[in-house]
Amino acid sequence: MIQIMFDKEGSKVLVIIKNNELYFGNTSFGRQLATIEGLQLSYAGVIKEFPDLKENPNWRLEAIKRLKEKVRSFKLEEEQADYVIEDLRKHYFVPLFKQKQGFRMEKVK
């Protein structure tokens, strides 16, 4: 399990990677975590990433499916974490800390 803390516009966002699944939480919802299905996705952001979904009425479901497949394509949780960090950086999330289970927290460069 790997936990990554991000900052976005003063709000802290926690991403947990566990068993090929992503869980998201932020400071406004307390200790609640949501899977990718529980997130609000921006249509413009999805179309920017996947232009072929522009005319698809099920764009949200397909985008979630593709994200899950991408995360599962990595063999190690560390590779998954690096992908999440780089992907969220594109959307103005600033990575702060990363912690692998059983290890100390480290600052993300």
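Descriptive notes on the structure:
- Residue of 31, 66, 89 that the Gaussian network model of the chain assigns the largest fluctuation, springs spanning Cα pairs under 10 Å: 31
- Nearest 10 degrees, 0 to 90: helix 59-72 Cα axis against the chain principal axis: 40 degrees
- Gaussian network model of the chain, Cα within-10 Å springs - most flexible of 17, 85, 64: 64
- Principal-axis analysis of the Cα atoms of the chain puts helix 77-89 at an angle of about 60° to the longest axis.
- For the chain, built as a Gaussian network whose Cα springs stay under 10 Å, the top-fluctuating residue of 80, 40, 99: 40
- Among the chymotrypsin sites (Phe, Trp or Tyr not before Pro) found in the stretch 8-107, those both in a DSSP coil and sparsely packed, with 10 or fewer other Cβ atoms within 10 Å of their Cβ, are 92, 103.
- Over the stretch 2-107: Rg over Rh, Cα atoms, Kirkwood Rh: 0.96
Read-outs throughout are calculated quantities, based only on the coordinates presented, and are distinct from any laboratory measurement. None of these values were measured; they are calculated from a predicted model. Backbone-built Cβ (ideal geometry, glycine too); neighbour counts: all protein chains shown.
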